[in-house]
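Each reported figure results from applying straightforward, stated rules to the coordinates on display, with no laboratory input. None of these values were measured; they are calculated from a predicted model. Because the Cβ atoms are built from the backbone with ideal geometry, glycine has one as well, and the counts that use them run over all protein chains shown.
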Amino acid sequence: MAELRSRRSNLAVPGSNTRFLEKAKGLPADQVFLDLEDACAPLAKPGARKNVVAALNEGGWGSTVRTVRVNDWTTAWTHTDVIEVVGGAGAELDCLVLPKVADAAQVQALDLLLTQVEKAHGLEVGRIGIEAQIETAQGLLNAGAIASASPRVETLVFGPADFMASTGMRSLAVGALHPDYPGDPFHHVLVQILVAARAHGVQAIDGPFLQVRDVPAFTEAARRSAVLGFDGKWVLHPGQIDAANEVYAPSQEDYDHAELILDAYDWATSAAGGAKGSAMLGDEMIDEASRKMALVIAGKGRAAGLSRTSSYTPPEG
Ligand code: GLV
Ligand code: MG
């Protein structure tokens, strides 16, 4: 899997609100997306583009991953969003978020336009990534092709609100359980997105939870996708950030264990360790499949800035 950025919490910031743009800089979210799409009224979009360019160029984002959500390709706005934002602040931008992606061609169109704008402004071609939102029935059907449509794609992001609108799904709260359905109505969708993402080595990000004041309910919804393997979730309110950072990071214990497995397996497969294909770590038998699982957990822990609290000692003899 390509080098992973930590994306446990992904804070939505409306591009039309300069106060929120300023405030977002001091918050502990792993990633921000400055929104030109659904959080900006049509009449506010031209001003929002300028605010977003200024907020990126002013700096102060620390190590936060900086992304901007452009409008989708069925609108009149996508090309102007890209030309203004990448042309105005491309060097300060990590990824563009493309909403309501229907198929691979829409990702390729963004890739082509980005490449041209990068060239026109002397930017490094191909550095800016793409996050593809899967939030329509068509997008879900094409999720695998979307994930592999361009080497720029870094994540697939679930958009539950638009997905419910697209499919007619009923729910009381986006991402919450429905009293008339025995189980999580989003389970199948989340797994489909996760599998499409993992099949192509990109991250899987869960979408927003709209009941912003109910942090326990947010945490419960986040746990459901974290258990499946999702890398993070959107947060709409600063109060959701700590919960997301906690839920999507591996625990210290799981992280330490994953690093020990990697060391033990490296040792066992080395000439000095006997070039064995499996080994014991304490009472646990480990092999290549254990190493793969450990790599995922260690990768998330490293990306989240955890450090080891134990070290591996090879067995005697
Ligand atoms: C996010 O964009 C959503 O539609 O839920
Ligand atoms: Mg949406």
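Does ASN10 satisfy the criteria of being in contact (Cβ under 8 Å) with a residue 40 or more places away in the chain, within 16 Å of ligand 2 (Cβ to nearest atom) and farther than 21 Å from LEU123 by Cα?
Yes: the conditions hold for ASN10.
Could you say whether any residue in segment 69-80 is more than 16 Å from ligand 2 (Cβ to nearest atom), closer than 28 Å to VAL189 by Cβ and crowded, with 16+ Cβ neighbours inside 10 Å?
The first filter runs over segment 69-80 and keeps only residues more than 16 Å from ligand 2 (Cβ to nearest atom), leaving 76, 79-80.
Then drop every residue that is not closer than 28 Å to VAL189 by Cβ, which leaves none.
There is no residue in segment 69-80 that is more than 16 Å from ligand 2 (Cβ to nearest atom), closer than 28 Å to VAL189 by Cβ and crowded, with 16+ Cβ neighbours inside 10 Å.
Among the listed residues LEU34, LEU114, identify the single one that is buried (at least 21 other Cβ atoms within 10 Å of the Cβ) and either within 16 Å of ligand 2 (Cβ to nearest atom) or acidic (Asp, Glu) (or both).
LEU34
List every residue pair whose Cβ atoms lie under 7 Å apart, where the two residues are 6 or more positions apart in sequence or sit on different chains, the first residue falls within segment 99-122 and is farther than 20 Å from ALA89 by Cβ and within 16 Å of ligand 1 (Cβ to nearest atom), and the second residue, located anywhere, is outside any helix (DSSP H, G or I) and β-branched (Val, Ile, Thr).
From segment 99-122, the pairs are LYS100/THR136; VAL101/ILE134; ALA102/THR136.
Looking only at segment 160-167, decide whether some residue is farther than 23 Å from GLY301 by Cβ, more than 21 Å from the chain's Cα centre (by Cα), within 16 Å of ligand 1 (Cβ to nearest atom) and β-branched (Val, Ile, Thr).
yes
Looking at segment 138-149, is at least one residue closer than 20 Å to ASN10 by Cα and in contact (Cβ under 8 Å) with a residue 24 or more places away in the chain?
Taking segment 138-149 as the starting set, the residues that turn out to be closer than 20 Å to ASN10 by Cα are 147.
Those left that are additionally in contact (Cβ under 8 Å) with a residue 24 or more places away in the chain: 147.
Within segment 138-149, one or more residues are closer than 20 Å to ASN10 by Cα and in contact (Cβ under 8 Å) with a residue 24 or more places away in the chain.
Applying the selection to segment 75-122, what residues are among the polar types (S, T, N, Q) and within 20 Å of GLU37 (Cα to Cα)?
THR75, THR78, THR80, GLN106, GLN108
Just to be sure before I move on: is VAL125 away from ligand 2 (no atom under 16 Å from the Cβ), touching a helix residue (DSSP H, G or I) at 6+ places or on another chain (Cβ under 6 Å) and part of a helix (DSSP H, G or I) in the structure I sent? Step through it out loud before you land on a result.
Values: away from ligand 2 (no atom under 16 Å from the Cβ): yes; touching a helix residue (DSSP H, G or I) at 6+ places or on another chain (Cβ under 6 Å): yes; part of a helix (DSSP H, G or I): no.
No, not satisfied.
Residue by residue, here is whether (1) touching a residue at least 60 places away in the same chain (Cβ under 8 Å); (2) under 20 Å from ALA176 (Cβ atoms); (3) within 26 Å of the chain's Cα centre (by Cα) holds:
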position	(1), (2), (3)
ARG223	no, yes, yes
LEU228	no, yes, yes
VAL247	yes, yes, yes
SER251	no, no, yes
HIS257	no, no, yes
ASP263	no, no, no
GLY274	no, no, no
MET280	no, no, no
ASP287	no, no, no
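Among VAL202, VAL195, VAL191, which is the only one that is β-branched (Val, Ile, Thr) and touching an Asp or Glu at 6+ places or on another chain (Cβ under 8 Å)? Walk me through how you get there before you give the answer.
Details: VAL195 fails: touching an Asp or Glu at 6+ places or on another chain (Cβ under 8 Å); VAL191 fails: touching an Asp or Glu at 6+ places or on another chain (Cβ under 8 Å).
When all the criteria are applied, what remains is VAL202.
Which members of segment 123-148 meet the condition of being away from ligand 1 (no atom under 16 Å from the Cβ), touching a strand residue (DSSP E or B) at 6+ places or on another chain (Cβ under 8 Å) and over 19 Å from GLU37 (Cβ atoms)?
Correct list: ALA147 only.
Which residues, taken from segment 230-268, are in contact with a strand residue (DSSP E or B) (Cβ under 7 Å, 6 or more places away or on another chain) and either more than 17 Å from VAL65 (Cβ to Cβ) or outside any helix (DSSP H, G or I) (or both)?
In the first step, residues of segment 230-268 are kept if they are in contact with a strand residue (DSSP E or B) (Cβ under 7 Å, 6 or more places away or on another chain); the result is 230-236, 241, 244-245, 248, 260-261, 264-265, 268.
PHE230, ASP231, GLY232, LYS233, TRP234, VAL235, LEU236, LEU260, ILE261, ALA264, TYR265, ALA268, listed by residue number.
In this structure, does ALA197 turn out to be within 13 Å of ligand 1 (Cβ to nearest atom) and under 20 Å from GLN31 (Cα atoms)? I'd like the intermediate steps shown before the answer.
Values: within 13 Å of ligand 1 (Cβ to nearest atom): no; under 20 Å from GLN31 (Cα atoms): yes.
No.
Mind listing just one residue for me: the one in segment 128-175 that is assigned to a loop (DSSP other than H, G, I, E, B) and among the aliphatic types (A, V, I, L, M) and, of those, surrounded by the most Cβ atoms within 10 Å (Cβ to Cβ)? Working first, answer last.
Filtering segment 128-175 for residues assigned to a loop (DSSP other than H, G, I, E, B) gives 128, 135-136, 142, 148-152, 159, 168-175.
Checking the rest, the ones that are also among the aliphatic types (A, V, I, L, M) come to 128, 149, 169, 172-174.
Details: ILE128: 26, ALA149: 23, MET169: 15, LEU172: 10, ALA173: 14, VAL174: 19.
Filtering first and then ranking leaves ILE128.
Collect the residues in segment 186-242 that are in contact with a helix residue (DSSP H, G or I) (Cβ under 9 Å, 6 or more places away or on another chain), crowded, with 21+ Cβ neighbours inside 10 Å and farther than 24 Å from GLY129 by Cβ, keeping them in residue-number order.
PHE186, PHE209, PHE218 - these are the residues of segment 186-242 that are in contact with a helix residue (DSSP H, G or I) (Cβ under 9 Å, 6 or more places away or on another chain), crowded, with 21+ Cβ neighbours inside 10 Å and farther than 24 Å from GLY129 by Cβ.
Check PHE163 against each of (1) in contact with a Phe, Trp or Tyr (Cβ under 9 Å, 6 or more places away or on another chain); (2) closer than 24 Å to GLU220 by Cα; (3) in contact (Cβ under 8 Å) with a residue 24 or more places away in the chain; (4) away from ligand 2 (no atom under 13 Å from the Cβ) and name the one condition it does not meet.
(4)
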